[in-house]
Amino acid sequence: MLKKITTEKAPAAIGPYSQAIAAGNFLFASGQIPINPESGEVEAEGIEAQAEQVMKNVGAILEAAGTNYANVVKTTCFLADMADFAAFNGVYEKYFTEKPARSCVAVKALPKNVLCEVEVIAALED
């Protein structure tokens with residue numbers, strides 16, 4: 001059975017998708033960009049500030065599903081510029097301390113011309 005996960009502490013979906021879906025013992029979260037959920041705007045500038053907002057958004061979805069960063073098994077990270085890789089990692093490693101499996105790629109463009117986006121798959125607590 002599939003269950004939609006939603007929270008006002010993360011940006012609302014800006015298209016025909018859910019913030020996250022719980023399926024069995026796993027959570028599949030849609031990619032999060034650095035939108036401030038209170039204003040609905042991208043306020044952060046620079047890769048570190050944008051990555052921090054992304055991680056807050058990811059954390060809010062994990063919390064809404066009853067799980068946390070330690071239970072993330074896989075991340076997919078998208079960067080607008082691979083030159084931001086080291087700075088992005090500096091923020092990323094503060095949150096994903098269990099070092100889940102990861103893919104990180106540079107893409108031509110991201111929604112709202114942001115610098116990064118992160119999606120996660122996490123195990124759900126019993």
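The values are calculated or read from the model by the stated rules, or taken from the named source; none is laboratory data. Keep in mind that what you see is a predicted model, and the values were worked out from it rather than measured. Counting neighbours? That spans all protein chains shown, and the Cβs are built from the backbone with ideal geometry, glycine included. Remember, those area values only see protein heavy atoms, side chains included, never the ligands or the DNA or RNA. Shrake-Rupley method; radii C 1.70, N 1.55, O 1.52, S 1.80 Å.
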Quick one: in the stretch 96-114, of everything that is among the polar types (S, T, N, Q) and open to solvent by 60 Å² or more (accessible area, probe 1.4 Å), which residue is nearest to SER18 (Cα to Cα)?
ASN113
Checking ILE33 against (1) in contact with a Pro (Cβ under 9 Å, 6 or more places away or on another chain); (2) surrounded by 12 or more Cβ atoms within 10 Å (Cβ to Cβ); (3) modelled with pLDDT under 95, the condition it does not meet:
(3)
Give the residue, chosen from GLU48, GLU125, GLU93, GLU117, that is of a type in the set (Asp, Glu) and either in contact with a Pro (Cβ under 6 Å, 6 or more places away or on another chain) or open to solvent by less than 60 Å² (accessible area, probe 1.4 Å) (or both).
GLU117
Restricting to the stretch 51-83, name every residue that is open to solvent by less than 30 Å² (accessible area, probe 1.4 Å) and in a loop (DSSP other than H, G, I, E, B).
ALA65, THR67
Residue check for GLY40: exposed (fewer than 14 other Cβ atoms within 10 Å of the Cβ) and either of a type outside the set (D, E, K, R) or out of contact with any Cys (no Cβ under 6 Å at 6 or more places or on another chain) (or both)
yes
